[in-house]
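Each remark here refers to the structure printed beneath this line.
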Amino acid sequence: MSTLGNLILSAVLAVLTSLIVAALFLPVYGIFEGGAHNCLNDGIGECMSAIPLSMLIYGPLFSIAGGLIGTPVFMMILAWRD
């Protein structure tokens, strides 16, 4: 029963982590890309407005990939913890 609990916990953690990464993808990418549209030049307000757009564009892709890759990683971390 604890294996099932660890599986569910790791799947939830993987999806939540991937959604956080998806939300921060566009603002961080804008910093590395440079150019005219840059969070460092435009300010924190412009970066915060890019988070919902980033979630809409990259959220499904990152959550699928994060669920497939992150679940076994979190399972391994939880197994090491026990």
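Summary table below
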| quantity | calculated |
| --- | --- |
| Estimated 222 nm signal from helices in the chain, with DSSP H stretches of n ≥ 4 weighted -39500 (n - 2.57), rounded to 500 | -32000 deg cm²/dmol |
| Simple spin-label estimate for residue 64 and residue 41 in nanometres, 7 Å along Cα-Cβ | 3.5 |
| Residue-by-residue Karplus 3J(HN,Hα) for region 47-60, coefficients 6.51, -1.76, 1.60, Hz, glycine and proline x | 5, 5, 6, 7, 5, x, 5, 5, 5, 5, 7, 9, x, x |
| Accessible surface of the chain [probe 1.4 Å, protein heavy atoms]: carbon and sulfur percent | 78 |
| In Hz, Karplus ³J(HN,Hα) per residue of region 13-25 (6.51, -1.76, 1.60; θ = phi - 60°; x = Gly, Pro) | 5, 5, 5, 5, 5, 5, 5, 5, 5, 5, 5, 8, 5 |
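The values are calculated or read from the model by the stated rules, or taken from the named source; none is laboratory data. In this text, all values refer to a predicted model and were calculated from it rather than measured experimentally. So basically every Cβ, Gly included, is an ideal-geometry build from the backbone, and we count neighbours across all protein chains shown. Heavy atoms of the whole protein, side chains included, go into the accessibility calculation; ligands, DNA and RNA do not. Shrake-Rupley method; radii C 1.70, N 1.55, O 1.52, S 1.80 Å.
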